[in-house]
Amino acid sequence: EGRCYERESVPYKALDGVVDSLTKYLHALPDAKAEALMPREVLALARLFPVMLQVDAVFNAPQREQEIPDPFSLRRKAFAALRELLGRISDRQPLVLYIDDLQWSDADSTSLLEDLLRPPDAPPLLLLLSFRSEDIESKPFLQTLINKAGTDGFREVHIGALSKGESNQLVRDLLVTKV
């Protein structure tokens, strides 16, 4: 899971929290299981998301090239590595990615999400994206996502505001589970 923050200015900010969660997941696995999930170009992915270097299987991955000077090649390899990694995870267990406040995303994140979901061989996962409906008109990438809704593999679900009674019940339920 992850979320976008309005005042955050990191590249790929819609996926920054997702990659943080993914890193924690991989770090918690036994080394052999984490190594089995590693894509060929995992170090390119770690160049975009350095937090991944906290995972021994990433840090110790074989270096394929000394340097990738072309930023477009680096990006292409990193995107492919994330697709491969998520595909390998979803081959072993159901996978759900959730990103909140997508209205504050950036163009890099949109490109990465589109690449991740493009056919053929998109990883079999459930991707949940939430955003404020009032921001749809001012954010072209949200409109692009909505235009894909209703096609194979994409669905739009409107969730309205909670009533006062529903809000109170949610707070009570959350307080009970916290105590």
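The values are calculated or read from the model by the stated rules, or taken from the named source; none is laboratory data. None of the values given here were measured: they were computed from a predicted structure. These accessible areas exclude ligands, DNA and RNA; they are computed on the full protein's heavy atoms, side chains included. Shrake-Rupley method; radii C 1.70, N 1.55, O 1.52, S 1.80 Å.
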Would you give the gap between the C-alpha center of region 93-109 and the C-alpha center of region 28-87, rounded to a whole Å?
19
Determine the share of region 1-82's accessible area contributed by carbon and sulfur atoms, expressed in whole percent, with a 1.4 angstrom probe.
52
In degrees between 0 and 90, to the nearest 10, how far off the longest principal axis of the chain does helix 13-28 point, with axes built from Cα atoms?
60
Taking N as its residue count, the alpha carbon Rg of the chain over 2.2 N^0.38 Å:
1.14
Rounded to the nearest 10 degrees, the helix 107-117 long axis (Cα) sits at an angle to the longest Cα principal axis of the chain of 80
Surface accessible to a 1.4 Å probe, per residue, for the residues of the chain, Å²
63
Reported to two decimal places, what Rg/Rh ratio describes region 74-179 when computed on Cα atoms with Rh from the Kirkwood expression?
1.05
Give the aspartates and glutamates whose C-alpha is closer than 15 Å to that of Lys148, dropping any in the same chain fewer than 8 places away, or say none.
Glu114, Asp115, Glu156
Once you keep just the Cα pairs under 8 angstrom separated by 6 or more residues, what percentage relative contact order results for the chain?
23
Please give the helix 164-178 orientation as an angle from the longest Cα principal axis of the chain, in degrees from 0 to 90, rounded to the nearest 10.
50
